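Report on one structure; see the data block that follows.
The values are calculated or read from the model by the stated rules, or taken from the named source; none is laboratory data. Keep in mind that this is a model prediction, so the values were computed, not measured. Every residue, glycine among them, receives a Cβ derived from its backbone with ideal geometry; neighbour counts consider all protein chains shown.
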């Protein structure tokens, strides 16, 4: 990797100030950034390691919502009794990200800021209609994801937490890429305060909702309700592991499995 | 040049590094702890797994400077006075290694599993090993070793292997 | 006397494990030589291009850089071509087309990853930083990737000297006899299949350190090799022109090979030569992405085959036509893999009287292809065992029954096949019966029905395979084009106190030789296993060696140790006869004691050893002091492990995901020295076989870019992809080596793939699906089901 300046601020204000430097890169768990740097695919002037800002870690339930600090690791989400009690589907999702060592380092904030089109967390955040809290504002999930590795975050804006409304039912079903284990298709389905929401990751340039499924499930919460609903293959990616037709098909299969898992 | 001080296998260690130096490079090249291996460049194979502050991590995917003040345990830190740790002993007893290259990462990963799940099922072991690749054993004896090692750590005797 | 707990047949725990388990193994990248520099190799990003110019000036001035070399620099030094170790002849007797292979490309690059220049600097990162400053002007050329495209008229030409991209066009067998067999056939079964290209991916990436001592003029190469003496010979004699006496090649602990570390690679020559130029040690360690584009790949065949059968399902004749991808250059043993290691095995375990095979080896703009675990034998077995299943289905004969009807009978050995090999021993009915029982074949319909209720398609598949290993004898393989002998060497050095060091020319990179060989020696010399050390991998210590590949280490290397021990015992008897004042003919050696027959007068092995080194009371007129013997063993024939693998799968028809739910292997590997190690070898081989059948596929795009260039896209088998693997053995002894051993390293990778695919086809048979190519990925299985449904609907 190319060398860079390294900063490890202990508070958000310092981090935000450092992040405004041109070509600076924020690092949470580093599970995507470090592999990218190793392949020399990025050449940041500085890496700002958020790992020492302890305010950004933690899980709490208050005001009818689950709040997860941006630097909370996937392993901590997966093992959290609060998450397990309020949104078990989210704990299951966290437990299926990467491998145990990735889960020990990778964070929810890092995953959302990166917005990999095959990442798992975006499906949960969009599917649950969560709110992304930054050092500057709150962003609704529907306004946050802007396509391939693009988000509503501005330069220097730092995710501090994610607020999840607690749903009645929710589950995630993932069909992993056999090699990378990222999602070829992941479908998060929730029934909650915002109605039924169906979010799909892995299929296209970024996570998206499937309105037709949401409408059908709002009327009839059962796997059979979406039997005839398909996402057009033309909206899905194609690669050596999965053609667009196969991805489109898997959206239906995974959606049904998510409904069944949600109960 | 940045300087990093940490505790490795219970002893203080420090070295001059670059900001881009990875923990595994610090361990192997600066501290001479070559038991931790590098088998890939995409953070997948797990040959480099060590414990940082009690958690298993891929030392190829963490910067040395991130480990300032950290407590790191490597494969070299497990055996005491020439006596193998029960997990190491289980790998030996159950032929859980062949070429030995993935072995340190396997053992370190297994110990993190047992910490959270002292009595794992075969399925749980197989799923836990998602981040550890082995090309020699077909995993059969690795899984057997980890189950036996976990049993030994729970105070149950290690079952004999391949008779 | 009870069998020893550390001798032949005992599951001795491995001597090597303590160092591996405590992080004290010594792999090449662990070695740091004083003053060591680091090499970074610039590689072609193009599959095919002309190199118009290389400008290294900026890189030379970069921080930490000591030198930058190109192919032109090596050519100026008269560095030779990486040699090919086997020449195959065309049908007309003319030799194959054999293009040059400079360690650094000159004028033209021929695959993505082809090395072009080397930057040597005081750190890895500095070398890599500077490499970005090397300016290379490429003129891209059209590339060709698949064998099917490469043989088309007008296809891009990889080599001017190889028209039609043909390396050779070879044949074996009696064409007329096969034509006659087909003309009287009751049924002809046909298949077209692909044997998918694989990337070996030993967990330790290749690495090499070149070291040069200006005082002595000696070079040392530390390398991740399965056969250091072969590398010394090839690199010293053909590439760098260094006499063997001035070149040491040392392969310490090596983290897996599977064939990929047999070959002499460019990087070995580059670092050794560069060390001589800069007069400092030069280390190169592959990044995994480099492994993907430089380690020789495996398999990559496209084959059409036909089997002629009579009314009863007896095989009358087999006709095979194969295109084999050689890649862009000929790797060390590439030409023999799709010929002498492949087509010679096409009789399988069957009495097929007439066989004809033709193989065209083809150059493409891809990484060279060479031996990978099984090498030719998995390709032959996959083809044959798929074809037998197709025939069984078409003729409505049970797949077990059709195999039984065609097995070579247990009393038919030695059995001469129509494709050159003569099998010495085996009992195919026995391994089949044992496997059917272990896998509960009879209970399968019940399990299928139970799975159906869960919405899963369950299938069962069988393969009854044979392999040929311990390739030999030297004079025969020489006549077939081998440019090397295929014997093995061993030195048994008895020390004055009776402890023993064995120097073997074989090399262990996971196989556990330090334990298995020690068991042999402990039993053979009647000494405790703790008193035996096994040394391998260092040309400075070991007399000579051909290394480890083709499951040869015990059958050939172990036999050499036995022969050397025989010499030790013979000399020991002479010494003992002197010490015991008895006739040499009356001395018996048993359980570590030389005894005068019929008496209780004896000398221990240690006493005899001491007398040999402290020859005060010793027959100095007749006998030299010392007790140290070397043997070279050249086998009389191959060995022929065989067996039966049974796989059971469940397929999720909604996703196409196949899960192997049961896998049973019953193998005849000859005498088993260490059952624990044998089981481990079989399990590992089976995992690679399941990997080939379900997961692994090396894919290039049409421009020759490697789409599966990392583990992010190349699916390595993980623990949760695999089942527990039930392994057992049934032994018939090899008749021609002193141990009766056959070999176990490759049986898994050979037997497993057809068992898996036969099981998948069985599971999908209700859709009318008769074949699916490897790897049977979820997408491919789902697509096959979709296509079949459409066909059924239409």
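Just for strands (runs of 3 or more DSSP E) wholly inside the stretch C:22-120: which have at least 3 residues that are closer than 19 Å to residue C:281 by Cα and modelled with pLDDT under 95? Can you show your working first?
Details: elements: C:37-43, C:49-55, C:65-70.
Once the strands (runs of 3 or more DSSP E) in the stretch C:22-120 are filtered for at least 3 residues that are closer than 19 Å to residue C:281 by Cα and modelled with pLDDT under 95, nothing remains.
If you take the residues of the stretch C:757-784 that are in a helix (DSSP H, G or I) and within 14 Å of chain A (Cβ to nearest Cβ), which of them is surrounded by the fewest Cβ atoms within 10 Å (Cβ to Cβ)? Only one residue tops the list, namely C:783.
Consider residue A:71 carefully, then state whether it is more than 20 Å from residue A:172 (Cα to Cα) and in contact with a helix residue (DSSP H, G or I) (Cβ under 6 Å, 6 or more places away or on another chain). Answer is yes for this residue. Checking each residue in the stretch B:52-67 for being touching a helix residue (DSSP H, G or I) at 6+ places or on another chain (Cβ under 8 Å) and facing another protein chain (nearest Cβ under 9 Å) picks out B:52, B:55, B:56, B:57, B:58, B:60, B:61, B:62, B:63, B:66. None of A:59, A:97 is within 14 Å of chain B (Cβ to nearest Cβ) and touching a helix residue (DSSP H, G or I) at 6+ places or on another chain (Cβ under 7 Å) except A:97.
Within the stretch C:442-482, the set of residues being more than 28 Å from residue C:383 (Cα to Cα) and surrounded by fewer than 16 Cβ atoms within 10 Å (Cβ to Cβ) comprises C:446, C:449, C:450, C:452, C:453, C:454, C:455, C:475. Among residues that are surrounded by fewer than 21 Cβ atoms within 10 Å (Cβ to Cβ), part of a loop (DSSP other than H, G, I, E, B) and at pLDDT 95 or above, residue A:10 is included.
From the set of residues in the stretch B:68-100 that are in contact with a strand residue (DSSP E or B) (Cβ under 7 Å, 6 or more places away or on another chain) and at the interface with another protein chain (Cβ under 7 Å from one of its Cβ atoms), which is surrounded by the most Cβ atoms within 10 Å (Cβ to Cβ)? Walk me through it before giving the result.
The first filter runs over the stretch B:68-100 and keeps only residues in contact with a strand residue (DSSP E or B) (Cβ under 7 Å, 6 or more places away or on another chain), leaving B:68-74, B:100.
Filter once more, so that each one left must be at the interface with another protein chain (Cβ under 7 Å from one of its Cβ atoms): B:74, B:100.
On the way: B:74: 25, B:100: 29.
Looking at the filtered set, the residue picked out is B:100.
Is there a residue being within 12 Å of chain C (Cβ to nearest Cβ) and farther than 23 Å from residue C:777 by Cα anywhere in the stretch A:221-233? Among the residues of the stretch A:221-233, at least one is within 12 Å of chain C (Cβ to nearest Cβ) and farther than 23 Å from residue C:777 by Cα, which makes the answer yes. Only residues that are more than 22 Å from residue A:138 (Cα to Cα), in contact with a strand residue (DSSP E or B) (Cβ under 8 Å, 6 or more places away or on another chain) and within 11 Å of chain B (Cβ to nearest Cβ) were counted across the stretch A:62-81, and they come to 2.
Being within 13 Å of chain C (Cβ to nearest Cβ) and crowded, with 24+ Cβ neighbours inside 10 Å is the filter here; which residues of the stretch B:1-24 pass it? Even if it seems obvious, please write down each step before you answer.
Keep residues of the stretch B:1-24 that are within 13 Å of chain C (Cβ to nearest Cβ), which gives B:1, B:8-9, B:16-22, B:24.
Passing the criteria: only B:22.
Got a number for residues in the stretch C:377-397 being out of contact with any helix residue (DSSP H, G or I) (no Cβ under 7 Å at 6 or more places or on another chain) and under 24 Å from residue C:197 (Cβ atoms)? Explain how you work it out, then say what you get.
At the first step, the residues of the stretch C:377-397 found to be out of contact with any helix residue (DSSP H, G or I) (no Cβ under 7 Å at 6 or more places or on another chain) are C:379, C:383-384, C:387, C:390, C:393-397.
From what's left, under 24 Å from residue C:197 (Cβ atoms): C:379, C:383-384, C:387, C:390.
Counting residues in the stretch C:377-397 that are out of contact with any helix residue (DSSP H, G or I) (no Cβ under 7 Å at 6 or more places or on another chain) and under 24 Å from residue C:197 (Cβ atoms) gives 5.
Here residue C:22 clears all of (1) within 13 Å of chain B (Cβ to nearest Cβ); (2) more than 27 Å from the chain's Cα centre (by Cα); (3) surrounded by fewer than 17 Cβ atoms within 10 Å (Cβ to Cβ) except the condition numbered (3).
Residues of the stretch C:210-237 that are under 30 Å from residue B:49 (Cβ atoms) and either away from chain B (no Cβ under 14 Å) or at pLDDT below 95 (or both): C:223 alone. On inspection, residue C:703 does not qualify as away from chain B (no Cβ under 14 Å), out of contact with any helix residue (DSSP H, G or I) (no Cβ under 9 Å at 6 or more places or on another chain) and closer than 22 Å to residue B:138 by Cβ. Condition check for residue C:4 on (1) within 14 Å of chain B (Cβ to nearest Cβ); (2) modelled with pLDDT under 95: one failure, at (1).
Here's the yes/no breakdown for (1) farther than 18 Å from residue C:493 by Cβ; (2) modelled with pLDDT of 95 or more:
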position: C:541; (1), (2): no, yes
position: C:550; (1), (2): yes, no
position: C:558; (1), (2): no, yes
position: C:588; (1), (2): yes, yes
position: C:614; (1), (2): no, yes
position: C:631; (1), (2): no, yes
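Mind checking whether some residue in the stretch A:197-208 is buried (at least 18 other Cβ atoms within 10 Å of the Cβ), touching a helix residue (DSSP H, G or I) at 6+ places or on another chain (Cβ under 6 Å), within 14 Å of another protein chain (Cβ to nearest Cβ) and modelled with pLDDT of 95 or more? For the stretch A:197-208, residues buried (at least 18 other Cβ atoms within 10 Å of the Cβ), touching a helix residue (DSSP H, G or I) at 6+ places or on another chain (Cβ under 6 Å), within 14 Å of another protein chain (Cβ to nearest Cβ) and modelled with pLDDT of 95 or more: absent. Could you please tell me which pairs satisfy a Cβ distance under 6 Å, a separation of 6+ or placement on different chains, a first residue in the stretch B:4-21 that is part of a strand (DSSP E or B), and a second residue that is modelled with pLDDT under 95? That search, which allows pairs on different chains as well, returns B:16/B:1. Apart from one condition, residue A:3 fits all of (1) in contact with a strand residue (DSSP E or B) (Cβ under 9 Å, 6 or more places away or on another chain); (2) within 13 Å of chain B (Cβ to nearest Cβ); the exception is (1).
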